[in-house]
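None of the figures in this text is laboratory data; all of them are computed from the coordinates on show. Keep in mind the model is a prediction, meaning the values are calculated, not measured. Here the Cβ is made from the backbone with ideal geometry for all residues, glycine too, and neighbour counts use every protein chain on show.
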Amino acid sequence: MMSETRSDTLAQINTRIGKRIRTARKTRGMSQTQLGDALGVSFQQIGKYESGLNTISVPTFLTLCRVLRVRPATILEEYVAGQTSQTSAHA
């Protein structure tokens, strides 16, 4: 039962992040093919990220943010809002 709930949560997170990725890509006027080429993945893979079917890896996500010139926190906003950096807190 627990894994089903966890999977549902992951699917919801992937979908929300995917929508923000799509918005950022369209704002930059890029096609899925152009973004895929910049990331070294297919346009189909970009579509899977944007629809929430696949989870994007952290390195790919960071590269995507650099290519789209968007801060990672902008895409992850609802998940990081109000949180402080652990690194800053311990420095």
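Some observations on this one:
- Ordering of 45-56, 20-31 by packing is 45-56, 20-31, highest average first (other Cβ atoms within 10 Å, averaged per residue).
- Furthest towards positive pole of dipole, Ile46, Ala24, Pro59, structure part the stretch 2-81, Cβ charges: Ala24
- Between Ala38 and Thr63, the simple label model (points 7 Å from Cα in the Cβ direction) yields a spacing of 1.3 nm.
- Estimated FRET transfer efficiency (Tyr79, Lys26; beta-carbon r; R0 30 Å; 0.05): 0.90
- Rg over Rh for the stretch 2-81 works out to 0.97, both radii taken from alpha-carbon positions and Rh defined as the Kirkwood radius.
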